[in-house]
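Working notes for the structure below.
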Amino acid sequence: MKPFFLTLFFLSSFIINAQNNINYSHIAQDLLQNIMDEKSYAKEVEILSESTLKNLVDELQTDQQKIAFWVNIYNAFIQISLTENQSEYENRGAFFGKKRIQIAGETLSFDDIEHGIIRKSRIKISLGYLRKWFRPKWERKLRIDGNIDWRVHFALNCGAKSCPPVAIYSAENLDQEFNFMTKKYLTEQTTFNSESKTAKTVALVSWFRGDFGGKSGIKKILFTYGITPEKTKKLNFKSYDWTLSLGNFRTLPDF
């Protein structure tokens, strides 16, 4: 009997170690890649659903790791959810607030991921200026540690036509990837009148203006990224096109 118990012990140890050695960042990237390639993603969804809070806290040590992982998760499940049931988009408030993503031992909503984790416990409707007083344990453990990276707004895709395209992000090259997507998206979304020095850009920068440093911060960003040839005096915002648009993918260059 002794050899049997020794074999059982080593087998159990192997299974536990195999579970602990899962690279969840790679799983999130694989999930999104399979969606883009129209391949099965059931395996990745299952692995993520079995992850624990400790698993993700142990792996996602830096803000770059956290942001890349959660942006990939957010964008992947937007595609999954709206492909499965497009009618949910008729009530967008309910859609983004619904608990649906099984991960880290919790069931999270898109709002949980965007405003709780990526935007460090910000109140959704506050123009980016107010933080939540009471946060659950998982949010405090998983959210970013530093300041909000405003460029994340040009990486998250909510399924609408005016949303930025979906790309697969990596912690190692996140800064270059975010700069690339920021410039591309703002160039596509912004016009500039040189006579009146007026810029007209996407409405989401107004919705979260606190993340961008207010209107003056937005003007500075447009000039710094070469979107406007000079610092704009007046800033207007376009209407957001909420027409459902799935499969809006973009391949990032190698950095």
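Here, each number is a calculation from the coordinates, and none is a lab measurement. This is a predicted model, so every value here is computed, not measured. For neighbour counting, all protein chains shown are included, and Cβ atoms are generated from backbone atoms with ideal geometry for every residue, glycine included.
Rounded to the nearest 20 debye, what is the charge dipole size of the chain about its Cα centre when +1 sits on each Lys and Arg Cβ and -1 on each Asp and Glu Cβ? Before the final figure, lay out each step's value.
Working: 35 positive and 28 negative charges, 274 e Å.
With only Lys, Arg, Asp and Glu charged at Cβ, the dipole is about 1320 debye.
Each of 26, 115 was scored by other Cβ atoms within 10 Å of its Cβ. Listed from fewest to most, they are 26, 115. The Rg/Rh ratio for the chain is 1.04, where Rg is the radius of gyration of the alpha carbons and Rh is the Kirkwood radius.
Between residue 111 and residue 255, residue separation times 0.36 nm minus the direct Cα-Cα distance comes to 48.8 nm. Spin-label model, residue 225 to residue 50: label points 7 Å out along the Cα-to-beta-carbon direction sit 4.0 nm apart.
What number, rounded to the nearest 500 deg cm²/dmol, is the helix-based mean residue ellipticity at 222 nm of the chain, given -39500 (n - 2.57) per DSSP H run of at least four residues and division by all its residues? Don't skip to the end; give the middle numbers.
Working: 10 runs with 112 residues, N = 255.
Counting only the DSSP helices, I get -13500 deg cm²/dmol.
Have a look at 211, 58, 145 and tell me which one the Gaussian network model of the chain (Cα, springs below 10 Å) gives the largest fluctuation. Among 211, 58, 145, the largest GNM mean-square fluctuation belongs to 58.
Could you give the length gained on full extension between residue 88 and residue 132, defined as 0.36 nm per residue of separation minus the Cα-Cα distance, in nm?
Values: separation 44, 0.36 × 44 = 15.84 nm, distance 2.66 nm.
Extending this stretch completely gives an extra 13.2 nm.
Between the residues 56, 68, 136, the greatest Cα displacement towards the positive end of the dipole of the chain, with unit charges on the Cβ of Lys, Arg, Asp and Glu, is found for 136. Taking only Cα atoms, what is the 0 to 90° angle, nearest 10, from helix 63-84's long axis to the longest principal axis of the chain? It is inclined by approximately 90 degrees. Cross-link reach is defined here as a Cα-Cα straight distance under 19 Å, omitting same-chain residues fewer than 8 places apart; for residue 39 the aspartates and glutamates meeting it are 30, 84. With a simple spin-label model that places each label point 7 Å from the Cα along the Cα-to-Cβ direction, the separation between residue 43 and residue 193 comes to 5.6 nm. Relative to the current alpha-carbon distance between residue 203 and residue 236, full extension at 0.36 nm per residue lengthens the span by 11.0 nm. Counting only alpha carbon atoms, the long axis of helix 174-189 and the longest principal axis of the chain meet at about 40°. For the set 124/197; 98/183; 120/238; 183/238; 98/184, the pairs lying more than 25 angstrom apart at their alpha carbons are 124/197; 98/183; 120/238; 98/184.
Computed over the stretch 98-255, relative contact order equals 22 percent, with contacts defined as Cα pairs under 8 Å that lie 6+ residues apart.
What is the local net charge at residue 52, summed over the other residues whose Cβ is closer than 10 Å to its Cβ (Lys, Arg +1; Asp, Glu -1)? Don't skip to the answer; put the middle values down first.
On the way: positive: 54; negative: 50, 58, 106.
Around residue 52, the surrounding residues sum to -2.
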